[in-house]
Amino acid sequence: MTAPAQLSTRPASLTVAMLLADGRLPSGGHAHSAGLEPALLAGMSTEDVPAYLVGRARTTSLVEAGTAVVARHRLRDGSSGHGLDEVIDHWAARTPSAAQREASRLLGRGVLRLAARLWPDAGAVQACLELTAPPRPVVVGAIAAVTDMDSRDLVRVFVYEDAQTAAAALLKLAPTDPAVPVGWVLAACTAVEEFVDAVAELTDPAGIPAGSAPHSEGWAEAHALTNRRLFRA
């Protein structure tokens, strides 16, 4: 089977955002629950899921979004992969759980494989390929740089995709009316809208949000040690 021709035109920013937010994207995201399975296995009640989504949106999602925005800025500025080392260091410092870092790197590998197929000659993609296991937000930031994706769309993608991943996982872990989690996802996205502009304007990795979620980090570490799970993380 021959490979498809390289994209010759630049898709609209909103189109790229919808692509990255689509749970059917073949990048391995379906194997993750955005930390929801570890939380439920640790004893969190399903009644607490809406609050969990908001809390995660204000912490983990903004860390990842800020990392992606800064990576996008650096790669659009002509930085090589070496210029991303500082970004990754700041991301890692804000992601103290080794299990969460590993999950992000695994997701990054899947997204990078897709990016290398769609934009094989793009400098930003090549910069990521030169790195050792770049985390997902750096790879997505590279895609945003290649496609000139709007930084506000980029921030919202991370918040929405994370909340929607958890909501989809909930239907397998604790089945409920599928219409119910939709409202929870919208509430989580709305809860961080006030931060979107500030995060979208980041250029310095030191400014990446540093919201902490100790319970989620601890649950992720415990989850990495169990073999009784539906999702990797």
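Here, each number is a calculation from the coordinates, and none is a lab measurement. Owing to the predicted nature of the structure, the values given are computational and were not obtained by experimental measurement. All Cβ positions, glycine included, derive from the backbone under ideal geometry; neighbour counts span all protein chains shown.
So between Ser212 and Thr190, what do we pick up on full extension, going 0.36 nm a residue minus the alpha carbon distance? Please report the intermediate quantities before stating the final value.
Working: separation 22, 0.36 × 22 = 7.92 nm, distance 1.96 nm.
In short, 6.0 nm is gained.
For the modelled label position 7 Å from the Cα of Arg113 along Cα-to-Cβ, which residues of segment 203-233 have backbone nitrogen atoms closer than 16 Å?
Taking a point 7 Å out along Cα→Cβ of Arg113, the residues of segment 203-233 whose backbone N falls under 16 Å are 232.
What is the Cα centroid distance between segment 124-160 and segment 161-198, reported in whole angstrom?
About 22 Å separates the Cα centre of segment 124-160 from the one of segment 161-198.
Suppose R0 equals 35 Å; then what is the FRET efficiency for Ser45 and Asp197 from their Cβ-Cβ distance, rounded to the nearest 0.05? Can you show the working numbers first?
Working: r = 34 Å, r/R0 = 0.98.
Here the calculated transfer efficiency is 0.55.
Sort Val70, Val140 so the one with the fewest other Cβ atoms within 10 Å of its own Cβ comes first. Intermediate values should be presented prior to the final figure.
On the way: Val70 27, Val140 32.
Least to most surrounded, the residues fall as Val70, Val140.
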